[in-house]
Amino acid sequence: MKTFEELGVAPEILRAISEMGYENPMPVQEEVIPYLLGNNNEVIALAQTGTGKTAAFGLPILQQINVNQVQPQAIILCPTRELCLQIADDLNDYSKYMDKLKVLPVYGGSSIESQIRALQRGVHIVVATPGRLIDLINRKTVNLRSVKDVVLDEADEMLNMGFSESIDEILSYVPETRNMLLFSATMPAGIARITKKYMRNPHEIVIGKKNEGAKNVRHIYYMVNAKDKYLVLKRLGDYNPNIYGIIFCRTRKETQEIADALVKDGYNADSLHGDLSQAQRDYVMQRFRLRNINLLVATDVAARGLDVDDLTHVVNYGLPDDVESYIHRSGRTGRVGKTGTSIAIVHLKEKHKIREIEKIINKKFEQGTIPSGKQICEKQLFSFADKLEKVKVNEEEIQSIMPSIYRRLDWLGKEDVIKRLISLEFNRLIDYYQDAVDIEAPQEGGWKKQEKNSREKRGRERQDARTGSGRASEKGYTRLFINLGKTDGLGPQNVIGLLNDNVPGRKIVVGRIDLMKNFSFFEVKETDRNRVIQHLDGIKAFGRRIAVEQAMESPSEDRKKKIEQSHKKKAGNKK
Ligand code: AMP
């Protein structure tokens with residue numbers, strides 16, 4: 001392996017990158033840097049994010065800039081604002097000791113005026129999202145006549161996002177003598193079109209095999225019945241106590257629903273999708289980077305700009321339609337020499353997709369077994385014991401207070417202390433899982449039988465839900481009936497809202513919520529039952545008087561009649 005110096009990197013850049021902890025070049029850098037430092041060399045590099053590609057193109061580009069000519073000499077196009085900022089930041093770090101060198105990120109969603117002012121002051125490298133760059137070109141505020149290098153970073157993503165025409169337009173303003181460098185994680189047909197049209201005789205560099213998933217990523221799939229998907233997600237989260245991962249959903253709605261459900265169930269989760277404002281997205285991403293949340297539920301598009309290198313897991317909450325999206329998703333973990341796991345929670349109908357992906361990534365999926373409640377508790381306890389062993393004890397800080405703590409706990413033996421510590425952390429988890437039945441994986445081949453079974457089971461569940469007696473409440477919780485249901489427009493948030501708005505005193509913790517057509521059930525702590533009934537039963541909400549009562553039995557015949565009458569009356573009023 002060569003050193004950066006041997007690759008030809010200039011001393012002022014060497015100094016900056018060694019301060020950043022770059023000791024040895026990563027494979028893509030070893031290949032690309034010396035090549036680009038030569039003359040008129042164009043490159044197509046098939047490399048996933050996280051392979052070190054920013055430095056691979058960034059260092060040679062920086063090194064070849066003439067700082068005395070204050071005009072854009074290189075443009076770097078990338079799909080998202082976040083990536084744009086990240087690349088500009090990296091280039092600024094690499095050029096810390098290059099006096100006067102100016103890098104400007106330009107991207108949509110922020111003031112164009114300040115970007116225009118910065119361009120007028122003069123820059124050497126423009127990092128841009130295509131749409132905003134076109135806007136600036138149209139306003140004649142950026143001059144690309146001196147551009148020598150054009151980088152298309154995450155080119156496949158740019159095409160996916162519909163930037164193909166914008167790229168064509170931008171390139172029409174750049175001298176034909178420019179060099180083009182194209183970085184992409186996959187090689188769809190659109191890329192071949194670009195390379196054919198715009199590149200002269202590019203050198204093709206493949207880091208890993210073409211379209212191959214990252215080497216150090218394990219791919220595991222869990223085959224589940226559709227209705228169990230969320231329960232399995234929770235189990236997998238609980239089974240991996242140190243999980244730091246992105247859960248990919250297909251739609252914005254699903255993303256929000258899963259994140260809401262996870263938060264309600266006590267996980268450190270949040271959502272990232274296109275319905276959020278840029279400020280909200282920035283806030284969520286910041287919290288995720290700082291690990292204030294460890295589960296980020298995201299759509300493919302929204303997660304693109306997120307630069308987090310040390311994800312332990314990527315979870316596919318259902319498989320994406322195209323294999324490329326799977327490669328991108330799973331490529332978010334196992335970066336920078338670390339190992340990672342890409343989990344797919346799938347149902348039988350998606351099995352063929354697993355086989356398709358395996359062919360492309362050239363790797364087999366392992367079939368995972370859904371962990372049992374007991375396995376989860378054991379795993380959590382051992383992880384806790386591990387943390388207990390490794391925790392850094394700040395002797396000085398706690399020194400003064402320890403004697404009184406010892407005195408206070410003197411009557412407890414060592415075993416008691418450990419048991420209590422564990423109970424403090426895990427009582428809720430253990431209570432939740434102690435009676436949990438194993439989640440059955442669907443039977444392959446037995447379609448008809450399985451359909452029949454699940455129809456019967458669904459019927460049973462509906463019946464159970466109506467009577468409120470079919471499932472045991474979580475320990476310490478009790479199940480209440482409310483005469484509002486989906487036809488009233490009731491959602492989980494409304495149940496929580498009703499409690500927050502009407503029940504004074506300590507906040508009510510809500511357990512499971514089951515929404516039926518005309519009525520619903522929700523769980524609250526046994527100790528809160530009376531308070532909830534007292535303050536909710538009989539109040540007016542959703543246009544009528546609501547009833548809340550203990551859901552031990554099926555709602556009484558009398559109650560059922562009243563509910564029906566009340567719904568009929570309400571429907572009549574609407575007419
Ligand atoms: P990239 O693929 O450019 O997003 O880089 C992925 C991560 O690797 C970033 O956090 C870089 O700062 C880091 N990185 C890039 N090159 C090196 C290197 N030679 N040594 C150590 N870390 C690196």
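Tabulated results
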| quantity | calculated |
| --- | --- |
| Kirkwood-based shape ratio for the range 59-164, expressed as Rg/Rh from alpha carbons | 0.94 |
| Where the range 217-367 is the region considered: accessible area per residue in Å², 1.4 Å probe | 40 |
| 37 Å tail of the calculated P(r), the chain, as % of Cα pairs | 47 |
| Rg over Rh, two decimals, the range 268-326 (C-alpha only, Kirkwood Rh) | 0.95 |
| Computed lengthening from LYS359 to THR141, 0.36 nm per intervening residue step minus Cα-Cα distance | 73.7 nm |
| Heavy-atom accessible area order for HIS203, HIS328, HIS352, HIS273, largest first, 1.4 Å probe | HIS352, HIS203, HIS328, HIS273 |
| Convex hull volume of the range 124-271 per residue (C-alpha atoms, cubic angstrom) | 189 |
| Note, ³J(HN,Hα) from phi for the range 3-12, Karplus 6.51, -1.76, 1.60, rounded to Hz, x at Gly and Pro | 8, 4, 4, 5, 6, x, 6, 5, x, 5 |
| Added length on full extension, which subtracts the Cα-Cα distance from 0.36 nm per residue, ILE539 to ILE405 | 43.4 nm |
| In the range 480-555, the trypsin sites (Lys or Arg not before Pro) that fall in loop regions by DSSP, at most 15 other Cβ within 10 Å | ARG506, LYS507, LYS517 |
| SER110 accessible area, assembled protein chains, probe 1.4 Å, Å² | 40 |
| CD proxy at 222 nm, helix term only [per DSSP H run n ≥ 4: -39500 (n - 2.57); per residue of the chain; nearest 500] | -13500 deg cm²/dmol |
| Rough spin-label spacing in nm, given labels placed 7 Å along Cα→Cβ, for GLU440 and ARG512 | 1.7 |
| Nonlocal amide H pairs with HIS347, under 5 Å, H built at 1.01 Å | VAL224 |
| Carbon and sulfur %, accessible surface of the range 4-206 computed with the full protein complex present, 1.4 Å | 46 |
| D_trans [Stokes-Einstein, Kirkwood Rh over alpha-carbon pairs] for the range 373-434, 25 °C, 0.890 mPa s, µm² s⁻¹ | 182 |
| Trypsin sites (Lys or Arg not before Pro) restricted to the range 277-332 and DSSP loop, no more than 15 other C-beta within 10 Å | ARG291 |
| Residue (of ALA436, GLY122, VAL503) at the positive-pole extreme of the chain, dipole from beta-carbon charges | VAL503 |
| Degrees separating the helix 53-63 axis from the principal Cα axis of the chain, which is the longest one | 30 |
| Solvent exposure, largest accessible area first (probe 1.4 Å, DNA, RNA and ligands not counted), of ILE376, ILE496 | ILE496, ILE376 |
| 3J(HN,Hα) from dihedral phi, the range 141-155, Karplus parametrisation 6.51/-1.76/1.60, rounded to Hz, x for glycine, proline | 9, 9, 10, 9, 5, 9, 6, 9, 10, 10, 10, 9, 9, 6, 4 |
| The chain: angle of helix 447-467 to the longest principal axis, Cα-based, in degrees nearest 10 | 60 |
| Most positive-pole-ward Cα, TYR94, LEU104, VAL151, against dipole of the range 4-206 from beta carbon charges | LEU104 |
| With Cα atoms, 0 to 90° folded angle of helix 112-121 axis to the chain main axis | 20 |
| Carbon plus sulfur fraction of accessible area for the range 217-367, probe 1.4 Å, in percent | 49 |
| Environment charge of ASP438, counting only residues whose C-beta is closer than 12 Å and scoring Lys/Arg +1, Asp/Glu -1 | -1 |
| Restricting the range 386-445 to GluC sites (Glu not before Pro) in coil, as DSSP defines it, with at most 15 other Cβ within 10 Å | GLU440, GLU444 |
| Distant-in-sequence amide H partners of ASN179 (H built 1.01 Å from N, under 5 Å) | ASP149, VAL150 |
| Surface per residue (accessible, 1.4 Å probe) for the range 373-434, Å² | 86 |
| Given LYS100/LYS148; LYS215/LYS390; LYS227/LYS338; LYS253/LYS338; LYS253/LYS517; LYS253/LYS359, the pairs whose alpha carbons are separated by over 24 Å | LYS215/LYS390; LYS227/LYS338; LYS253/LYS338; LYS253/LYS359 |
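The values are calculated or read from the model by the stated rules, or taken from the named source; none is laboratory data. Nothing here was measured: the structure is a model prediction, and the numbers come from that model. Cβ sites come from the backbone with ideal geometry, for glycine too, and all protein chains shown count toward neighbours. In case anyone asks, the SASA skips ligands and DNA or RNA and just uses the protein heavy atoms, side chains included. Shrake-Rupley method; radii C 1.70, N 1.55, O 1.52, S 1.80 Å.
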